[in-house]
Each structure stands twice: as C-alpha cells, then as structure tokens.
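Engineer: Encoded as structure tokens, here's the structure I'll be asking about.
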Amino acid sequence: MNSYSDPAERKRQRQSLVLELVAQEPLGTQQEIARALKRRGVRATQVSVSRDLSELGLVKAGGRYVAGGAASPAVSSDPITAFVRSAAAAGPNMVVLRCETGSAPRVGLSLDQATWPGVVGTIAGDDTVFVAAASAAEAARLIRLIQARLPQAR
C-alpha cells in the first residue's frame, strides 16, 4: 500500500483487502485479520480492524467473519434464522436469545428495526441478546415466534 496516499485512500484499500481476506480465509478474530493484513504489507491496529468490520457489515457466523450483505443471503434476509441458537424466558417480561459468537448486535438491531409486536427494547452483548417484552404474555409469544423460525438442527 502506498504510504504517500491520503488516509481515506489507505482506509479504502485496507477495507477492500479485509473483504478479500475474509472471503479467502477462515478468519475468526480481529487479531487474525490484523496478522493477515500484516502478511500483505498492511499494518492495522485492532481498533482499526474493529471499525473496518463494523463499517463493512462483517459479522461472525460459524466462528468466522463473513459478509453480512448480499454475499451472505441468510445473514441479510433473516438474522434470527441465521444466528439465533435458542430463546428462553428470563423472568416474566425478559427473553434471552443465545446467538452465534459476534452476531448478537445484528440480531438485536433486527428486532429493534422490525418493530416486533411486544418488544420494548433489546440489549445485545457478543453472543446474547436480552429482549424486554411489554408483558409476560408478549414474552411467551415472542419465544414461540422465534423458536418456530429456528432450524431444528440447533
């Protein structure tokens, strides 16, 4: 990468390379991505890699980073089907969703954006989403709806 190029151009080139690398290699951590970039002559901090992953819409699926857009139809069409492993009650108005590592923020966002009936809000960690429901009945209904969408193999 040309060290004389402007920062925006270096970022664009680095992000392009990140997309290429995750398509070619099973990279499952930000450190692995940084090392793969270094092998290609590009130095990047973990913070830069983290921002790149977010800006590029890359998510973890099956323990590796994948494109979350058109390159991955299951991811873009339904994050619940693609990433949620289980749904369970955690008190009368709370639902806990266990997700593939790294995918909980995308699942939580999809629930928030889709305005699911009875969903008051979500809090997402790395592999867990807490969903606040409007009532115990709405929580139970949400669990049934999500479980019905899950592949039976999980």
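Engineer: Rank these for me by crowding, ARG10, ARG40, going from fewest to most other beta carbons within 10 Å.
Structural biologist: Ascending Cβ contact count within 10 Å gives the list ARG40, ARG10.
Engineer: I need the phi-derived Karplus couplings for region 139-147: 6.51 cos²θ - 1.76 cosθ + 1.60, θ = phi - 60°, integer Hz, Gly and Pro marked x.
Structural biologist: 4, 5, 5, 4, 4, 4, 5, 5, 4
Engineer: Per-residue HN-Hα couplings for region 9-15, Karplus 6.51 cos²θ - 1.76 cosθ + 1.60 at θ = phi - 60°, whole Hz, x for Gly and Pro?
Structural biologist: Taking θ as phi minus 60°, the curve returns 5, 4, 5, 4, 5, 4, 5 Hz for region 9-15.
Engineer: Please list 3J(HN,Hα) in residue order for region 47-60, calculated via the Karplus relation 6.51 cos²θ - 1.76 cosθ + 1.60 where θ = phi - 60°; whole Hz, with x for glycine and proline.
Structural biologist: 5, 5, 4, 4, 5, 4, 4, 5, 5, 7, x, 7, 9, 8
Engineer: Label-point separation (nm) for GLN13 and ILE123, each offset 7 Å from Cα along Cα-to-Cβ?
Structural biologist: A separation of 4.4 nm, rounded to one decimal place.
Engineer: Let me ask you something else. For region 7-56, just run the numbers: alpha carbon Rg, then divide by 2.2 N^0.38 Å, N being how many residues it has.
Structural biologist: Compared with the compact-globule rule of thumb, region 7-56 sits at 0.98.
Engineer: Mind putting a number on the dipole of region 76-149 about its Cα centre? Charges go on the C-beta only, +1 for Lys and Arg and -1 for Asp and Glu, and I need it in Debye to the nearest 20. Present the calculation step by step, with values, prior to reporting the outcome.
Structural biologist: Working: 6 positive and 6 negative charges, 43 e Å.
The dipole of region 76-149 has a size of about 200 debye.
Engineer: For the chain, take the alpha-carbon Rg, divide it by the Kirkwood Rh, and send me Rg/Rh.
Structural biologist: Result for the chain is an Rg/Rh of 1.07.
Engineer: How many nm separate the modelled label positions at LYS38 and PHE130, each set 7 Å beyond the Cα in the direction of the Cβ?
Structural biologist: About 3.7 nm separates the two model spin labels.
Engineer: In deg cm²/dmol, rounded to 500, what helix-only [θ] at 222 nm does the chain give when every DSSP H run of at least 4 residues adds -39500 (n - 2.57) and the total is split over its residues?
Structural biologist: -14500 deg cm²/dmol
Engineer: Could you give the size of the charge dipole of the chain about its Cα centre, using +1 on the Cβ of each K and R and -1 on the Cβ of each D and E, expressed in debye and rounded to the nearest 20?
Structural biologist: With Lys and Arg at +1 and Asp and Glu at -1, about 360 debye.
Engineer: Another question, then. Can you list the residues, at least 5 places off or on another chain, whose amide H is less than 5 Å from the amide H of LEU27, using H built in the peptide plane?
Structural biologist: TYR65
Engineer: Which one, VAL120, VAL66, VAL47, has the greatest fluctuation when you compute a Gaussian network model over the chain with C-alpha springs under 10 angstrom?
Structural biologist: Looking only at VAL120, VAL66, VAL47, the largest GNM fluctuation is found for VAL47.
Engineer: To continue, here is another question. In the Gaussian network model of the chain, springs joining C-alpha atoms below 10 Å, which of GLY102, GLY118, GLY28 carries the largest mean-square fluctuation?
Structural biologist: Highest fluctuation of the listed residues: GLY118.
Engineer: Of THR128, VAL84, VAL22, which is farthest towards the positive pole of the chain's charge dipole, taken about the Cα centre with +1 and -1 on the beta-carbons of Lys, Arg and Asp, Glu respectively?
Structural biologist: Working it through, the farthest residue towards the positive pole turns out to be VAL22.
None of the figures in this text is laboratory data; all of them are computed from the coordinates on show. Please read these numbers as outputs of a predicted model, since none were measured by experiment. We place every Cβ from the backbone using ideal geometry, glycine too, and count neighbours over all the protein chains shown.
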